[in-house]
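J.: Can you read through this structure? Questions will come right after.
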Amino acid sequence: MKHSLHHRIKRALRHARSSAGHARRAFPPDDLKAFAEAITAGEQTHRGEVRLIVEKALPLDAAWGCMSSRQRALALFADHGVWDTEENCGVLIYVNLAEHQVEIVADRGIDRKIGQATWQNVCRTLTEGYARGEFRSSTLDAIGQVNQLLRQHFPSDGPRPNELPDHPVML
C-alpha cells in the first residue's frame, strides 16, 4: 500500500512525540510487577510461554516506512525468541501506545489450535479497556484470557523450566 508523504510525516511525528513518561504513567512499575506475577502464575498451569511487550512508539524508521503494528509484533516475536520454545507454544501480547494498537502473535503450535477470532477477542479486551484508561485491569484480564486458553489447549504436565522471562518489556 502506497502512503502519501503527508501521511508518513504525520505518522513519524506522532511516534516521535510519544514519550516514555506517557508509557510509565499508563504502565507504572507496580503494574508491570503485577503483570509479571500473572504471567508466572499462569505458566504454572500450562505449557505455554507468554511475553508482554509495550512499546511507546515505533522506531522512527519503522514509522516512516509505514510498518504496521502486526509487522512490528512479528519482528519482536522473533527478536525476543518467543518462537523458540520447546513446544512451539509462545504467545506475544504486543501493545503500541502511539498507534493505540494491540496484536497477539501465537507460535505455530498454538496457532493450530486457537483461531484468529479468539485472539481478536483478547485484543478487544485490551483496546476497549485502554480506551477507558483501564490499562492495569485490561492487561490483567487479557493475560488471564491467554492463560486460560493455554491451560485449555496446553495443560501443565508437571514442573518445567521457564523458557522466557515473565517480566514485561517496555520499549
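J.: Can you list the helices (runs of 4 or more DSSP H) found entirely within the range 91-171 that contain at least 1 residues being in contact with a Gly (Cβ under 6 Å, 6 or more places away or on another chain) and closer than 19 Å to Ala36 by Cα?
T.: 135-153
J.: Scan (1) in a helix (DSSP H, G or I); (2) closer than 29 Å to Glu163 by Cα for the single condition Ala63 breaks and write down its number.
T.: (2)
J.: Here's another thing I want to ask about it. Select, from Arg8, Arg14, Arg47, the only residue that is farther than 26 Å from Glu134 by Cβ and either aliphatic (A, V, I, L, M) or in contact (Cβ under 8 Å) with a residue 60 or more places away in the chain (or both).
T.: Arg47
J.: What is the residue count in the range 22-50 for residues that are of a type outside the set (A, V, I, L, M, F, W, C) and in a helix (DSSP H, G or I)?
T.: Within the range 22-50, residues that are of a type outside the set (A, V, I, L, M, F, W, C) and in a helix (DSSP H, G or I) number 11.
J.: In the range 131-152, which residue that is open to solvent by less than 50 Å² (accessible area, probe 1.4 Å) and in contact (Cβ under 8 Å) with a residue 40 or more places away in the chain is farthest from Ala106 (Cα to Cα)?
T.: Residue satisfying both the conditions and the ranking: Phe135.
J.: Let me ask something else about it. Evaluate the following for Gly21: is it open to solvent by less than 40 Å² (accessible area, probe 1.4 Å), at pLDDT below 90 and closer than 17 Å to Pro168 by Cα?
T.: Yes; evaluated as a whole, the condition is true for this residue.
J.: Of the numbered conditions (1) surrounded by 14 or more Cβ atoms within 10 Å (Cβ to Cβ); (2) outside any helix (DSSP H, G or I); (3) not β-branched (Val, Ile, Thr), Phe77 satisfies every one except a single condition; which is it?
T.: (2)
J.: Now a separate question. Kindly check whether there is at least one residue in the range 116-133 that is β-branched (Val, Ile, Thr), farther than 19 Å from Glu55 by Cβ and modelled with pLDDT under 95.
T.: No; the residues of the range 116-133 include none that is β-branched (Val, Ile, Thr), farther than 19 Å from Glu55 by Cβ and modelled with pLDDT under 95.
J.: Which condition number in (1) part of a loop (DSSP other than H, G, I, E, B); (2) exposed (fewer than 14 other Cβ atoms within 10 Å of the Cβ); (3) free of Cβ contacts under 8 Å to residues at least 60 places away in the same chain is the one that Glu86 fails?
T.: Status for Glu86: all satisfied but (3).
J.: Within the range 107-125, which residues are touching a residue at least 12 places away in the same chain (Cβ under 8 Å) and within 21 Å of Asp79 (Cβ to Cβ)?
T.: Hits for the range 107-125 are Asp107, Arg108, Gly109, Ile110, Trp119, Cys123.
J.: Also: Look through the range 82-112, keep the residues that are modelled with pLDDT of 95 or more and among the small types (Gly, Ala, Ser), and return whichever of them is nearest to Arg14 (Cα to Cα).
T.: Ala106
J.: If you check Gln71, Gln101, which single one turns out to be farther than 20 Å from Val146 by Cα, in contact with a helix residue (DSSP H, G or I) (Cβ under 9 Å, 6 or more places away or on another chain) and either polar (S, T, N, Q) or open to solvent by less than 10 Å² (accessible area, probe 1.4 Å) (or both)?
T.: Residue meeting the stated conditions: Gln71.
The values are calculated or read from the model by the stated rules, or taken from the named source; none is laboratory data. In this text, all values refer to a predicted model and were calculated from it rather than measured experimentally. All Cβ positions, even for glycine, are placed from backbone atoms using ideal geometry, and neighbour counts span all protein chains on display. These area figures cover heavy atoms from the full protein model, side chains too; ligands, DNA and RNA do not enter into them. Shrake-Rupley method; radii C 1.70, N 1.55, O 1.52, S 1.80 Å.
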